[in-house]
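A short worksheet on the structure shown next.
The values are calculated or read from the model by the stated rules, or taken from the named source; none is laboratory data. Please read all numbers here as calculations on a predicted model, not as lab measurements. Cβ: placed from backbone, ideal geometry, glycine included. Neighbour counts: every protein chain shown.
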Amino acid sequence: MHKSIAIIRGDCIGPEIMEQAIAVLDRVAERFGHGFEYMDAPMGGEAIDKFGDPLPSSTLDTCLTADSVLLSAVGGPKWDDVPKDRRPERGLLRLRSGMGLYSNIRPAKIFDELRDASPLRPEIAERGIDFVVVRELIGGAYFGEHKTERKNGEDYASDIMAYSEHEIRRIAHVAFQTARKRRKKLCSVDKANVLDSSKLWRRVVTEVGREYPDVTLSHMYVDNCAMQIVKDPSQFDVIVTENLFGDILSDEASMITGSIGMIPSSGLGDGTRGLYEPIHGSAPDIAGQNTANPTGLILAAAMMLRYSFDMAAEADAVENAVSAVLRDGFRTADTMSAGKTRLGCREMGKAICDRI
Ligand code: IPM
Ligand code: MG
């Protein structure tokens with residue numbers, strides 16, 4: 001198969017981890033007889049420097065014509081003082097919305113080999129952590145009106161958190177279908193005791209649930225969910241929630257696996273074209289030192305193979321290679337522990353390639 005992939009190299013550690021993800025994709029192409037064509041799509045800080053815009057229209061066009069998009073991470077202190085509409089993060093939000101990517105899947109799974117790295121007490125981590133957060137990605141407070149004005153002699157700022165039925169319904173379907181392929185348990189997370197947008201969320205998710213009688217649906221308030229994720233994460237299979245809650249809970253969920261550097265995510269809309277990225281940031285403090293962990297991005301590439309290209313065997317090969325590297329005792333700095341062998345970013349990429 002021939003596939004075109006838009007590549008957003010990103011900022012800080014972005015380019016170095018992307019180099020390793022591309023090496024892995026090249027290895028997959030060679031091993032399985034595919035052709036991957038990479039199209040450069042500058043976004044974030046790199047695009048601000050080159051074009052004065054974090055998402056130039058040429059980049060959006062490239063992303064909309066490619067078969068899929070792979071993104072490392074954008075942003076860094078260099079662009080902290082640019083006006084808010086020009087910040088690297090704005091590029092990412094405009095890209096998600098421009099591509100219509102309303103569903104964001106973020107797995108929280110503990111690798112057996114990295115169990116010691118979890119900050120949870122061993123008796124909690126041992127019960128297992130294997131759930132996914134399905135986060136609504138292009139609605140809610142992120143995309144409502146943002147306003148700062150003068151009112152009664154002081155500054156006043158507001159952000160509107162709004163949802164319409166169809167926005168909730170389509171993400172609810174994704175969540176139920178995701179649960180159906182797993183342990184058939186869906187927990188919808190909201191703040192329906194306070195927010196109107198959450199009351200609507202709960203009503204629509206419940207309605208959609210009638211179409212999925214084989215999936216057990218429960219509802220939980222977001223504050224309680226934040227607590228349950230650290231108290232007993234083994235109770236969760238699939239969590240579905242709105243954009244801002246999903247942003248927060250998915251960071252929490254990744255942290256308890258002890259390896260934020262190893263967690264991929266996918267953004268999908270109605271078609272098969274997706275945006276795949278690790279959930280970690282651009283890590284300016286370790287940029288250019290060959291110490292970053294490329295695994296999150298490599299696993300994001302595996303997700304792309306599976307979900308956008310329907311290449312399950314190829315995705316398995318990448319994921320198995322990652323597990324094999326861990327089993328063989330290799331770690332990057334972020335997951336290093338006593339008795340293991342520490343590798344740099346390039347060496348970790350190569351170790352994974354060698355096992356595909
Ligand atoms: C994430 C990030 C982004 C978000 C930022 C960089 C805008 O935190 O992907 O979770 O809030 O969605
Ligand atoms: Mg986040």
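Yes/no matrix, rows are residues, columns are (1) in a helix (DSSP H, G or I); (2) over 21 Å from the mean Cα position of the chain (by Cα); (3) small (Gly, Ala, Ser):
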| site | (1), (2), (3) |
| --- | --- |
| Ile105 | no, no, no |
| Ala108 | no, no, yes |
| Val134 | no, no, no |
| Thr148 | no, yes, no |
Please find, within region 242-263, the residue that is nearest to the chain's Cα centre (by Cα) out of those that are within 22 Å of Ala333 (Cβ to Cβ) and within 12 Å of ligand 1 (Cβ to nearest atom). Ile263
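Tell me which strands (runs of 3 or more DSSP E) are completely within region 222-323 and hold 2 or more residues being within 18 Å of Leu92 (Cα to Cα) and not aromatic (Phe, Trp, Tyr), or say none if there are none. Spell out how you get there, then give the answer.
Numbers: elements: 238-241, 264-268, 274-278.
It comes to 264-268, 274-278.
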The residue that is farthest from ligand 2 (Cβ to nearest atom), considering only those in region 264-296 that are over 14 Å from the mean Cα position of the chain (by Cα) and among the hydroxyl-bearing types (Ser, Thr, Tyr), is Thr272
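I need the full set of residues from region 264-284 which are of a type in the set (Val, Ile, Thr) and within 10 Å of ligand 1 (Cβ to nearest atom), in order please.
From region 264-284, those of a type in the set (Val, Ile, Thr) are 272, 279; that's our starting set.
Result: Ile279, single match.
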Being surrounded by fewer than 21 Cβ atoms within 10 Å (Cβ to Cβ), part of a loop (DSSP other than H, G, I, E, B) and hydrophobic (A, V, I, L, M, F, W, C) is the filter here, so list the residues in region 71-98 that pass it. Val82
Taking Ala192 and the conditions (1) away from ligand 1 (no atom under 16 Å from the Cβ); (2) of a type in the set (Gly, Ala, Ser); (3) in a helix (DSSP H, G or I), which numbered condition does it fall short on, given that it satisfies the others? (3)
Using the structure shown, decide if Ser265 is polar (S, T, N, Q) and assigned by TED's automatic domain parsing to the domain that holds Arg306. yes
Return yes or no: is Ile168 over 23 Å from the mean Cα position of the chain (by Cα), within 27 Å of Phe236 (Cα to Cα) and in a helix (DSSP H, G or I)? no
Residue that is surrounded by fewer than 18 Cβ atoms within 10 Å (Cβ to Cβ), in contact (Cβ under 8 Å) with a residue 24 or more places away in the chain and of a type in the set (Ser, Thr, Tyr), where the choices are Ser234, Ser259, Ser266: Ser234
Number of the condition not met by Glu165 [criteria: (1) buried (at least 22 other Cβ atoms within 10 Å of the Cβ); (2) touching a helix residue (DSSP H, G or I) at 6+ places or on another chain (Cβ under 6 Å); (3) not aromatic (Phe, Trp, Tyr)]: (1)
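For region 191-208, check the following and say yes or no: at least one residue is among the polar types (S, T, N, Q), surrounded by 14 or more Cβ atoms within 10 Å (Cβ to Cβ) and either over 12 Å from Val134 (Cβ atoms) or modelled with pLDDT of 95 or more (or both).
Yes, there is a match, as at least one residue in region 191-208 is among the polar types (S, T, N, Q), surrounded by 14 or more Cβ atoms within 10 Å (Cβ to Cβ) and either over 12 Å from Val134 (Cβ atoms) or modelled with pLDDT of 95 or more (or both).
Please indicate, with yes or no, whether at least one residue in region 49-70 is within 16 Å of ligand 2 (Cβ to nearest atom), surrounded by 23 or more Cβ atoms within 10 Å (Cβ to Cβ) and either under 17 Å from the mean Cα position of the chain (by Cα) or assigned by TED's automatic domain parsing to the domain that holds Leu244 (or both). Even if it seems obvious, please write down each step before you answer.
Of region 49-70, the ones within 16 Å of ligand 2 (Cβ to nearest atom) are none.
No, there is no match, as no residue in region 49-70 is within 16 Å of ligand 2 (Cβ to nearest atom), surrounded by 23 or more Cβ atoms within 10 Å (Cβ to Cβ) and either under 17 Å from the mean Cα position of the chain (by Cα) or assigned by TED's automatic domain parsing to the domain that holds Leu244 (or both).
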Let me spell it out: the conditions are (1) among the small types (Gly, Ala, Ser); (2) closer than 24 Å to Ser323 by Cα; (3) assigned to a loop (DSSP other than H, G, I, E, B), and Ala21 meets all of them except one. Which number is the exception? (3)
Only one residue in Gly140, Gly76 is farther than 24 Å from Leu268 by Cα, touching an Asp or Glu at 6+ places or on another chain (Cβ under 6 Å) and not aromatic (Phe, Trp, Tyr). Which one? Gly76
